[in-house]
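The values are calculated or read from the model by the stated rules, or taken from the named source; none is laboratory data. In this text, all values refer to a predicted model and were calculated from it rather than measured experimentally. When we count neighbours, we look across all protein chains shown, and the Cβ atoms used for this are built from the backbone with ideal geometry, even at glycine.
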Amino acid sequence: MKKLILFLTAAFCIAAAAAGCSKTNGSDPKDNITFTAVIDEVHENSILVSDVSESTAGAASFDKASVQWTDATAPAIELRAGQKVKITILPQIRESYPVQATLVSIELAE
């Protein structure tokens, strides 16, 4: 009986740990924020951008943002200062100045 309880406890712990490891941090993709910006600075795992779109009004309002990424969400394009880009970020914005956000996707804007 003790072995059964120990086994069930271990199985529950493993299942709970696995449930907390979602790639989107539990957010619904439709809640992500998309805006157009100009890249001010490029760093190893982040960019500093100036928001030039009206699309963030209401959902989030900021003039500058530091957008970070992980190896899994690293941009597939070469980023340079001065480029205009369309950025999608997770809806969890860390309030500081500039605000900090996590990249979902990025593409060059026309």
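For the range 66-79, the set of residues classified as at pLDDT 95 or above and under 14 Å from Ala101 (Cα atoms) consists of Ser66, Val67, Gln68, Trp69, listed by residue number.
Residue check: is Asp31 modelled with pLDDT of 85 or more, of a type in the set (D, E, K, R) and within 12 Å of the chain's Cα centre (by Cα)? Yes, satisfied. Scanning the range 80-105 for residues that are crowded, with 16+ Cβ neighbours inside 10 Å, among the hydrophobic types (A, V, I, L, M, F, W, C) and either assigned to a loop (DSSP other than H, G, I, E, B) or out of contact with any helix residue (DSSP H, G or I) (no Cβ under 6 Å at 6 or more places or on another chain) (or both) yields Val85, Ile87, Ile89, Leu90, Ile93, Val99, Ala101, Val104. Checking every residue in the range 44-62 against the condition of being touching an Asp or Glu at 6+ places or on another chain (Cβ under 8 Å), buried (at least 16 other Cβ atoms within 10 Å of the Cβ) and at pLDDT below 95 gives at least one match. Contact annotation: residue pairs with Cβ atoms under 7 Å, 6 or more positions apart or on different chains, pairing a residue in the range 66-94 that is farther than 21 Å from Pro29 by Cβ with a partner that is surrounded by 12 or more Cβ atoms within 10 Å (Cβ to Cβ) and of a type in the set (Ser, Thr, Tyr), are Ser66/Ser46; Lys84/Thr36.
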